[in-house]
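Each remark here refers to the structure printed beneath this line.
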Amino acid sequence: MAGNTFGQTFTVTTFGESHGIAMGAVVDGCPPGLEISEEDLQGDLDRRRPGQSKYTSQRREDDQVKILSGVFEGKTTGTPIGMVIENTDQRSKDYGQIKDQYRPAHADFTYDRKYGHRDYRGGGRASARETAMRVAAAGIAKKYLRSTFGTEVRGYLAEIGSIRPQIKSLDAVDQNPFFCPDPEMIEPITELIEQLRRDGDSIGARINVTASNVPVGLGEPVFDKLDADLAAALVSINAVKGVEFGAGFGVIQQRGSEHRDEMDKSGFLSNDAGGVLGGISSGQDIVVSIALKPTSSLSLPGKSIDRAGKEVEVVTTGRHDPCVGIRATPIAEAMVALVLMDHALRDRAQNADVTR
């Protein structure tokens, strides 16, 4: 199965299924000498893992990462970094009744038709559980970017259903189960999630990510533009259906005189471009937004077919998020960090002698 490796210079290969023995990743291309430990990676994994509140999937996984190789005496050696997270709370029996059915809006149909065989337990390889290893790998990237450039990657819930939180405090993001920057919106979001649970339904969400202190010059036109690679990375996250940079689709209503990011001797006067010009980072904040569809696993009956082509009514049991966007913030941060890390090393390889 191709398509499991991300990046060109800083590469991440993930493996494992939702209900398999473990999830794993191999990170290659990391510069030697970077101080790294399992504790450095665990923080974001704890932010992503399920079962931390009643508003997300009740699957109980500790998501304790183990570094198997590539680190000696607390520093990276320049060799492949192997990592693994054991699965400890699988309930494969929850999926026995749909092993020959295709859940609407899931990858069941496409995986089966493409490969002729699928792992129906929790979606197998198509499960969002795969993103745990992306988050672990991004812990390495985040530390390198922070220590080398001072780059910080921060995300937050920007919209859920009709609720649009304001950015009141980024410090509040990790102080509530929704990654919400607006404390006043916690109660309305809670009420929405509880209503969705009662209805057996789900809702979509928007996540915003900002990367600050990004060096000028990242990105390789014309086909490997920074924003193009960021878009591809973010769309690779399960359930993502849209990506915007800067003003995003708001540019439709802007005039050129309004949209252009003018400059004076102090720098840029606006950031409608989202920190990327001509596919190359401008030194401004990278500002990107993703839209995630409503969770497809529902207890409400839905029309579909089975492997034999017979029409069936599908009801999905098990433990599922009423809004996948709730836990998507650290995953979106991870993909942004991985792209920036890869491009930083690619830029160093080609343009180390360029004076900026």
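Only lysines eight or more places from Lys75 in sequence, or on another chain, were considered; those with a Cα closer than 27 Å are Lys66, Lys142, Lys143. For the chain, complete DSSP H runs whose alpha carbons reach 30 Å or more along their own long axis and whose mean Kyte-Doolittle score is -0.5 or higher are 329-351. Remark on Asp321: its backbone amide H falls under 5 Å from those of Ser57, a criterion applied only to residues 5 or more positions apart or on other chains, H modelled at 1.01 Å from N. With neighbours defined as other Cβ atoms within 10 Å of a residue's Cβ, the residues Met263, Met335, Met185 order from fewest to most as Met263, Met185, Met335. The mean sequence distance of close C-alpha pairs (under 8 Å, at least 6 residues apart), as a share of the length of the chain, puts its relative contact order at 22 percent. In terms of the mean number of neighbouring beta-carbon atoms within 10 Å, the peptides 134-144, 252-262, 165-175 order highest first as 134-144, 165-175, 252-262. Taking a ≥ b ≥ c as the square roots of the eigenvalues of the alpha-carbon gyration tensor, region 1-46 is classed oblate because a/c is 1.5 or more while a/b is no larger than b/c.
A protection proxy built from the mean count of other Cβ atoms within 10 Å ranks the segments 5-13, 69-77, most packed first, as 5-13, 69-77. Roughly speaking, what is the centre-to-centre gap between region 1-18 and region 235-282 when only Cα atoms are used, to the nearest Å? If we compute the Cα centre of each part, the gap is 29 Å.
Packing around the peptides 338-344, 307-313, taken as the average count of other Cβ atoms within 10 Å per residue, puts them in this order, highest first: 338-344, 307-313.
Mind giving me the FRET efficiency for Val315 and Ala2? R0 is 45 Å, r the Cβ-Cβ distance, nearest 0.05 is fine. Could the numbers behind the result be given before it?
Values: r = 34 Å, r/R0 = 0.74.
My answer for the efficiency is 0.85.
Against the globular-protein guess of 2.2 N^0.38 Å, express the Cα radius of gyration of the chain as a ratio, rounded to two decimals. Normalised Cα radius of gyration, the chain: 1.02.
Read-outs throughout are calculated quantities, based only on the coordinates presented, and are distinct from any laboratory measurement. All figures in this text were calculated on a predicted structure; none of them were measured in a lab. Every residue, glycine among them, receives a Cβ derived from its backbone with ideal geometry; neighbour counts consider all protein chains shown.
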